[in-house]
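The values are calculated or read from the model by the stated rules, or taken from the named source; none is laboratory data. Computed from a predicted model, the values in this text were never measured in an experiment. Reconstructed Cβ throughout: ideal geometry from the backbone, glycine too, with neighbour counts over all protein chains shown. Side chains are part of the model used for accessible areas, which takes the heavy atoms of the whole protein and leaves out ligands, DNA and RNA. Shrake-Rupley method; radii C 1.70, N 1.55, O 1.52, S 1.80 Å.
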Amino acid sequence: MIIYNCRIITWGNTNQILENHAVRIVEDRIVELTNQDDLLLRFPEDEKIDAGGQILMPGLICAHTHFYGVFSRGMAIPREAPADFVEILKKLWWPLDQSLTQEDIYYSALVCIIDAIRHGTTTVFDHHSSPGFITGSLDVIEKAVNDTGIRASLCYEVTDRGGAEKSLAGIEENIRMIKKLRQQPAGSRVMAMFGLHAGLTLSDQTLELSRKEIPDGFGFHIHVAEHQSDEYKSINQHGKRVIDRLETHGITGKNSIFVHGVHLDGKEVQTIRDTGTWLTHQPRSNMNNAVGMADIESALRIGIPVCLGNDGFSFAMWDEWRTCYLAHKLWKRDPRAMNGALVTQMGAINNAQMASHFFNDTIGVVEPGAKADLILVDYQPITELNAGNLPWHILFGFRDSMVTLTMVDGKILMKDRVIGGIDEIEVSQHALEISREVWKRYEQQF
Ligand SMILES: [Zn+2]
């Protein structure tokens with residue numbers, strides 16, 4: 001297949017914006033990126049997509065999300081509104097995840113993936129929790145991923161908040177999925193990690209057992225220091241700050257993802273860098289939970305390739321980029337803070353590095369040999385667009401609704417804004433029906 005008549009944003013280490021170029025895709029990969037006329041002449045038999053002057057670029061990547069939380073949209077929290085992050089966990093997320101059945105898990109994943117495809121997000125790192133249906137829950141999400149064709153990393157959120165039995169079931173679910181998915185051929189779209197909630201709901205025994213059970217070469221996906229309660233509970237109960245404790249248990253390392261890190265101290269940030277652990281930033285969630293802002297610019301400056309996730313917000317990832325750009329300026333009361341190029345460094349380059357590392361392939365760049373995870377964006381610049389000023393065109397001009405085509409592994413999942421093989425209205429109507437029951441089960445816990 002050849003996609004032509006487009007302006008190509010390559011991302012990668014040296015971002016370029018190419019004119020009069022086209023890409024040739026064979027099966028799941030980009031095999032050529034070269035002069036358009038030459039490519040069209042050499043492969044007259046290939047299927048062609050005329051992009052009509054749109055922008056062709058790598059699909060967006062979400063470094064941390066929770067499909068399971070989507071039915072909270074518009075849901076009322078009974079009685080007094082939660083006053084801090086721990087109350088939000090206790091009054092919103094824990095009674096909600098407790099309310100999910102097998103069917104809810106499938107549909108919450110499905111509606112999130114549809115949202116992702118529609119907004120050009122082609123790779124996601126999910127972190128799942130459903131204490132009422134643990135064993136097999138990751139198969140249900142895997143089915144939604146396979147039914148739609150997106151690229152996804154899956155894990156189950158182990159926690160001790162539901163007692164030893166559920167904690168063990170969570171550990172087993174992660175191990176089972178890791179072992180199942182590692183049998184797949186190289187380059188597969190779905191992979192598994194080991195999910196842990198956060199230090200504040202995990203005992204030393206559970207961390208030890210998790211470390212003991214995880215197969216070699218795999219790592220953990222865990223929230224760290226999202227709120228100061230995580231740090232203070234760790235100091236008071238274990239005599240160590242969050243990252244020091246996780247390092248003691250062997251949870252750090254290049255195969256692990258640490259999420260948020262809002263309340264880390266300098267030593268903890270250094271440990272994350274020195275151990276090569278991935279750190280993700282979710283400013284929309286941090287603002288919504290009023291937990292504060294992580295000093296992301298400092299983390300980038302000392303060499304941590306910070307990535308951007310959505311923590312359950314929409315998969316319109318450019319909204320997350322924009323929020324990042326704006327939030328840090330307000331937080332520091334300095335319009336020079338969080339330069340646009342830093343945002344694209346995180347959202348495009350670092351996220352691509354993280355996805356390429358975990359999926360053990362080349363993802364998030366337009367170059368020969370890379371996975372054909374691509375989108376077309378119907379953006380007509382009204383001012384000069386070049387590789388240097390691209391971040392500001394994205395931050396001020398791109399809208400996720402401009403995505404007209406989404407491709408993963410060389411397969412077109414959405415074309416001309418129509419998602420193939422899925423009746424979106426039917427899915428929405430069914431989600432609406434079953435979410436009413438989720439809300440009822442949620443309310444019964446108060
Ligand atoms: Zn999260």
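Key figures for this structure:
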| item | result |
| --- | --- |
| Student exercise, the chain dipole from Lys, Arg, Asp, Glu Cβ charges, in Debye to nearest 20 | 780 debye |
| Calculated [θ] (222 nm, deg cm²/dmol) that DSSP helices of n ≥ 4 give over the chain, each run adding -39,500 (n - 2.57) | -11000 deg cm²/dmol |
| Residues residue 45 and residue 20, FRET efficiency given R0 of 25 Å [Cβ-Cβ distance, rounded to 0.05] | 0.70 |
| Ordering of 35-46, 316-327 by burial proxy (mean other Cβ atoms within 10 Å per residue, highest first) | 316-327, 35-46 |
| Share antiparallel - DSSP beta bridges, the chain, percent rounded to 5 | 45 percent |
| Per residue value of the accessible surface for region 1-120 (all protein chains in place, 1.4 Å probe), Å² | 42 Å² |
| Cα pair count fraction exceeding 27 Å, expressed as % - the chain | 52 percent |
| Residue 417/residue 302 FRET efficiency (R0 35 Å; Cβ-Cβ; nearest 0.05) | 0.25 |
| Under 30 Å from residue 233, Cα to Cα: lysines that are on another chain or at least 8 residues apart | 90, 91, 166, 212, 254, 267, 332 |
| C-alpha center-to-center spacing [region 13-34, region 137-202] in angstrom | 33 Å |
| Average accessible surface area per residue within region 312-446, 1.4 Å rolling probe, Å² | 46 Å² |
| Apportionment of accessible area to carbon and sulfur, the chain, percent (1.4 Å) | 50 percent |
| Eligible lysines near residue 411 by straight Cα distance, threshold 29 Å, same-chain separation 8 or greater | 48, 143, 179, 180, 371 |
| Label-to-label distance, nm, for residues given as residue 235 and residue 216 (7 Å Cα→Cβ offset) | 3.9 nm |
| Mean Cβ count within 10 Å, highest first, over the residues of peptides 260-268, 333-341 | 260-268, 333-341 |
